[in-house]
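*Asks:* Would you mind keeping the following structure in view while I ask a few things?
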């Protein structure tokens, strides 16, 4: 079997480790690869481990040694085992070719806790009375029986489920079929295989060893009831383990945008890339059977700050020297670039980290889904509140919105566990978060590992506004209980629809259970319990009107409704502000701000409105066109303060992607992508990007300047590499307009 994985027109090499011969990041040669991994260039290895210089001349070999049982070949039955283990979608389990046209044989991928069969071909018939057989499995640099990284098995005639074992299934002619059993807590790794034959009589136990030239891959098994990642139903496994395409969600709680995403966990280089990452983060081989430890490492190795992981985060708006996070349409291009260079890829933001981590988990068989929490928050001081500071002019600064990933693990507070690879806070000295039980987060149990207090604040903290009083007379506070953790979203099972999973993470807002969870979290983990003393004056009602959908290129209004239920009139000073913000909530620049002096008669209601034109914001918006509306009000007679903010997103057009409904495998077909410029200005530095699981390596297409309100169209030829339901995902990026995407589905059939 071949060790190098690729497909027609592409070639993936195992990364070169730093040393004297080549600097980090340069690809290694095919010969270096085979020498390093002990693999033969040809699938038929020498049956003995004895060096050629030490071998006896033919006439010096005894008759007993000549008659010793020797292995000629081992067939891993890749096709049959892959079907049984639900790994047939991994591209390395099929024949493929490298760019030179050389054929690369299938490689075995199995799930732990499930037996697999191999076929041994000997130079003569296997005699159970004369010959002993021993199987040796090893993983890691220094395999040891005591650490579980070396396993030695003798043949048995018994079934040995849920533990290491080897059973003779069939012995016929010069071949023997052997069933290998593995435990459900086996290390997830590349395993090497050696096969020893021992002559029982006359040779003093002489061992003849066959070393298989290529490793096989052992991954987690959600189909196995004893595996900690077990999922009980097929629909969930099909979505969270086997689906190589999906959606990641961005925008705001009111304008949720579904971005098609190519997870691509079955691409030919993925297993080697992810196994390398586990090596790089120095996760010990004996720990690789524990999905909790593996998941925690995944959340760290996906970001670059402290371990040169996969992605460099960038929220500045300046993406020179890399790719805009908005331009990515999947994990394949990102991980392939990392695998080729061994350098962190520039750049990513929260949903990109989430998409990449989802891919890494699914590569290893960990059930995973990318989940986005809108109106998310970042608790920096352990108060389990989100603090927003306002000066006397009525302007503010605030928190973050991002996506993270879940994956399932029992026991105790099992089920979905939250992990977040976005580099925000150090955890045990490393930029990572989780895994933390979602059930524990929902109930406010913030002292449970890992980082439950941080993740609880992201989804269910109270928002506290601190208003600086005139003449430096201290601070007034206004609390909002329902602003953090809205419309928590993931992709629905077996459909491209959005599924709201807010009730999985938190109880209904303002319910007794939800308030109890918040208070439990405060009691267990807050550094500022005094904030929750309620001393606010509330005799006027204020309401910032929610924004209707507005297209990028249209004007909008900011409106504050004021209600005076008192019999006496009230004098109010109100400030309305529209501010450009990054999707993280960080303010960029103020678009417009106006202050109003209002006299509200007793028992009356009214509103004030600030209009914002296209010209006001067109040259100020960034990235995802997120805008924050803010309202600050002060009642003169009662010293009541009100502060409120609401984010919305200017909507952008979708790309129109056209492709044939059905194509034949290996046959070229045409894809057409069209964009209508929604802006009254030209678009420059235009680029389209296309990607699709098992369809084509990522394709980038440059385009000329697109005139104001003009139409751009690109066409390209693609080739389908595997049969099944597929999706082509496209994105558009330019200096003036970005974060535009679209997709088209097609069916790939056999010729």
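*Asks:* Once you sort the root eigenvalues of the Cα gyration tensor of the range 707-751 as a ≥ b ≥ c, which label holds: rounded (a/c under 1.5), prolate (a/b larger than b/c) or oblate (the other case)?
*Replies:* Prolate.
*Asks:* By counting other Cβ atoms within 10 Å of each Cβ, how are 458, 672, 439 ranked from fewest to most?
*Replies:* 672, 439, 458
*Asks:* Label points 7 Å out from Cα along the Cβ direction at residue 175 and residue 700: separation in nm?
*Replies:* Label-label distance for residue 175 and residue 700, simple model: 4.9 nm.
*Asks:* Right, something else. Label points 7 Å out from Cα along the Cβ direction at residue 308 and residue 142: separation in nm?
*Replies:* Result: 2.3 nm between the two label points.
*Asks:* Let me ask something additional. Where in the range 210-254 is the amide nitrogen less than 12 Å from a point lying 7 Å along the Cα-to-Cβ axis of residue 592?
*Replies:* In the range 210-254, the label zone of residue 592 (backbone N under 12 Å from the point 7 Å along Cα→Cβ) covers no residue.
*Asks:* Contour minus end-to-end for residue 751 and residue 119, with contour as 0.36 nm per residue of separation and end-to-end as the Cα-Cα distance?
*Replies:* So the extension gain works out to 224.4 nm.
*Asks:* Sort 721, 231 by Cβ crowding within 10 Å, fewest neighbours at the top.
*Replies:* 231, 721
*Asks:* Hey, another quick one. Using a/c under 1.5 as the rounded threshold, could you call the range 541-649 rounded, prolate or oblate? The axes a ≥ b ≥ c are square roots of the C-alpha gyration tensor eigenvalues, and prolate needs a/b larger than b/c, oblate otherwise.
*Replies:* Prolate is the answer for the range 541-649, as a/c is 1.5 or above and a/b outweighs b/c.
*Asks:* Under the definition of Cα pairs under 8 Å and six or more residues apart, what whole-number percent is the relative contact order of the range 541-649?
*Replies:* Computed value for the range 541-649: 33 percent relative contact order.
*Asks:* Then there is this: Given a Förster distance of 35 angstrom, what is the FRET efficiency for residue 719 paired with residue 80, based on the Cβ-Cβ distance and rounded to 0.05?
*Replies:* 0.80
*Asks:* Could I ask something else about it? If each residue's Cβ is checked for other Cβ atoms within 10 Å, how do 247, 296, 102 rank with the fewest at the top?
*Replies:* Neighbour counts put them in this order, fewest first: 102, 247, 296.
*Asks:* Multiply the residue gap between residue 668 and residue 557 by 0.36 nm, knock off their C-alpha separation, and tell me the result in nm, one decimal place.
*Replies:* Stretched fully, the residue 668-residue 557 segment lengthens by 35.0 nm.
*Asks:* Right, something else. Pull out the extension gain between residue 168 and residue 636, defined as 0.36 nm times the separation in residues minus the alpha carbon to alpha carbon distance; nm, one decimal.
*Replies:* Gain in length upon complete extension: 159.6 nm.
*Asks:* For the residue pair residue 281 and residue 493, what label-to-label distance in nm results when each label sits 7 Å from Cα along the Cα-to-beta-carbon direction?
*Replies:* 2.8
FYI, it's all coordinate maths here, none of it is from the lab. No experiment lies behind these values; they were computed from the predicted model shown. Cβ sites come from the backbone with ideal geometry, for glycine too, and all protein chains shown count toward neighbours.
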